[in-house]
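Everything below concerns the one structure shown next.
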Amino acid sequence: MAAFNKFNSFVEHLAEKVHNLGSDTLKVMLTNAAPSASNTVKADLTDIGAGNGYTAGGTAVTVTSSAQSGGTYKLVGNDIVFTAAGGSIGPFRYAVLYNDTPTSPADPLIGFWDYGSNVTLADTESLTVDFNGTDGILQLA
């Protein structure tokens, strides 16, 4: 999977207690609109159309570990699988991680992955957003 790119506002939101990464509902959505590091909330981006196996707003991440060791925090979660059913999903290029729990700001952005080119899943094809089990979704040191 491509490298994780954080949104600049994520750092401020951590300092201001917007995120509780261990218990909040984190989601991954798909978009074909290029994210910018200066984007702050989900509304700054355009979600791909819902249907054919894709739910508007994306899919919730199951967090399996949210802990620090030796001063380094690591967030680990189960992979997300998007499977086209009854038609295609896409096109999209970016998978965006955001927090669906806070209301102020609503749906703050965390980071994104760039797949390098447009992806369209044909009926029955799948894409796995692979969260590295060793390095986790993200690390903070």
Determine the share of segment 92-141's accessible area contributed by carbon and sulfur atoms, expressed in whole percent, with a 1.4 angstrom probe. 43
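Compute, for segment 1-117, the length of the dipole vector about the Cα centre, with Cβ point charges of +1 (Lys, Arg) and -1 (Asp, Glu) only. Units Debye, rounded to 20.
Numbers: 6 positive and 9 negative charges, 33 e Å.
That gives segment 1-117 a dipole magnitude of about 160 debye.
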Using a 1.4 angstrom probe, figure out how much accessible area segment 15-84 has per residue, in square angstrom, rounded to the nearest whole. 48
Cα centroids of segment 52-72 and segment 76-99: how far apart, whole angstrom? 13
Computed ³J(HN,Hα) along segment 36-49: with the Karplus parameters 6.51/-1.76/1.60, θ = phi - 60°, integer Hz and x for glycine or proline, the list is 10, 4, 7, 4, 10, 10, 3, 4, 6, 10, 10, 5, 5, x
Need the list of aspartates and glutamates near Lys74 for cross-linking: C-alpha distance under 13 angstrom, and skip anything on the same chain fewer than eight residues off. Asp135
Taking Cα pairs under 8 Å and at least six residues apart, what relative contact order does segment 1-121 come out at, in percent? 36
What residues from segment 4-24 fall in the zone where the backbone N is under 11 Å from a label point 7 Å along the Cα-to-C-beta line of Tyr73? 11-23
Got a sec to turn the phi values of segment 123-137 into Karplus ³J(HN,Hα) couplings, 6.51 cos²θ - 1.76 cosθ + 1.60 with θ = phi - 60°, whole Hz, x for Gly and Pro? 3, 6, 7, 10, 10, 9, 7, 8, 8, 3, x, 7, 8, x, 5
What is the spread of the Cα atoms of segment 1-80 along each of their three principal axes, largest first, in whole Å? 43, 27, 24
log₁₀ of I(q)/I(0) at q = 0.15, 0.21 Å⁻¹ - segment 43-141, Debye sum with one point per alpha carbon: -0.69, -1.18
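The values are calculated or read from the model by the stated rules, or taken from the named source; none is laboratory data. Because the structure is predicted, anything quoted here is derived from the model rather than measured. Every residue, glycine as well, gets a Cβ built from its backbone with ideal geometry; the counts of neighbours run over all protein chains shown. What goes into the accessible areas is simple: the full protein's heavy atoms, side chains included, and nothing from ligands, DNA or RNA. Shrake-Rupley method; radii C 1.70, N 1.55, O 1.52, S 1.80 Å.
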